[in-house]
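Heads up, the thing below is written out as structure tokens.
What follows is calculated from the coordinates using simple rules that are stated; it is not laboratory data. Note that the coordinates shown come from a computational prediction; the quantities given were computed from them, not determined experimentally. Don't worry about glycine lacking a Cβ; one is built from the backbone with ideal geometry, like all the others, and counts go over all protein chains shown.
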Amino acid sequence: MKTHRHFVVHKPYGFICQFIYNGKRKKKMLDQLGSFPSGTMSVGRLDEHSEGLLILTTDGKTSFSVRSKKIEKEYYVQVDGLITDEAILTLKKGVEIGIKGEKYMTLPCNAFKIEDPKFAERSRKVRDDRHGPTSWVSVVVTEGKFRQVRKMTAAVGFPTLRLIRVRIGKLNLGDLPSGDYYELEKVTV
């Protein structure tokens, strides 16, 4: 029986969730973070401008189960402006976003204001205070459409400036530094 390997990674800003990229522009890829076994894949995606918790595995079944709608994914989102209680309530109920040119209504989710989580500065500064205030919100979803959380905050009038996935099921990012990773015996979420 084949033994699969699993890793928890704190994906930095500016990296793509791939090991192979055939585009023309040079991209930072996951293999630059460490030596992973052949056949390793990311479980779900974080876009190039997003950061945080990423699970890597050599097991397709693990990938499929973690991506299921039964598993919560929590994001800390820095938004442009001071997010209102009304915007939070709208996020919770679900908002209409565009997916592949079609209108899509997100599932109800959990969302609430949070204090600045004091993450380390990322490689590219978000912006400075001269451009107005920002605030942080936690958004917990069970689905994972393309750039969904960014589209959700924009739909309620508070565009995303920084997005960090902090939890997948019971697995937390904790204080794992950006760019670091560790191996898991098995993935339990």
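Scale the Cα Rg of the chain by the rule-of-thumb value 2.2 N^0.38 Å and send over the ratio, two decimals.
This ratio for the chain stands at 1.04.
Counting pairwise Cα distances across the range 73-168, what percent come out greater than 16 angstrom? Beyond 16 Å sits 52 percent of the P(r) for the range 73-168.
Counting only DSSP H runs of at least 4 residues, each contributing -39500 (n - 2.57), and dividing by the residue count of the chain, the helix-based mean residue ellipticity at 222 nm comes to -3500 deg cm²/dmol. Straight-line cross-link partners of Lys28 among the aspartates and glutamates, defined as a Cα under 17 Å from its Cα and at least 8 positions apart when in the same chain: Asp47, Glu48, Glu51, Asp180. In the range 8-90 the Cα-Cα distances spread across 5 Å bins starting at 0 as 3, 12, 20, 20, 16, 13, 8, 5, 3, 0 percent of all pairs.
If a spin label sat at a point 7 angstrom from the Cα of Leu176 along the line to its beta carbon, the backbone N atoms of the range 7-27 nearer than 17 Å would be those of 7-19. Note on the range 167-184 and the range 1-48: Cα centroid distance 15 Å, given to the nearest whole angstrom. Among the listed pairs Lys27/Lys100; Lys100/Lys186; Lys24/Lys186, those whose Cα-Cα separation exceeds 30 Å are Lys100/Lys186; Lys24/Lys186.
Cβ-Cβ distance of Gln32 and Asp85, R₀ of 35 Å, FRET efficiency by 1/(1 + (r/R0)^6): the value works out to about 0.25.
Search the structure for amide H atoms under 5 Å from the amide H of Phe119, placed 1.01 Å from N in the peptide plane, and list their residues when 5 or more places away or on another chain. Result for Phe119 returns nothing.
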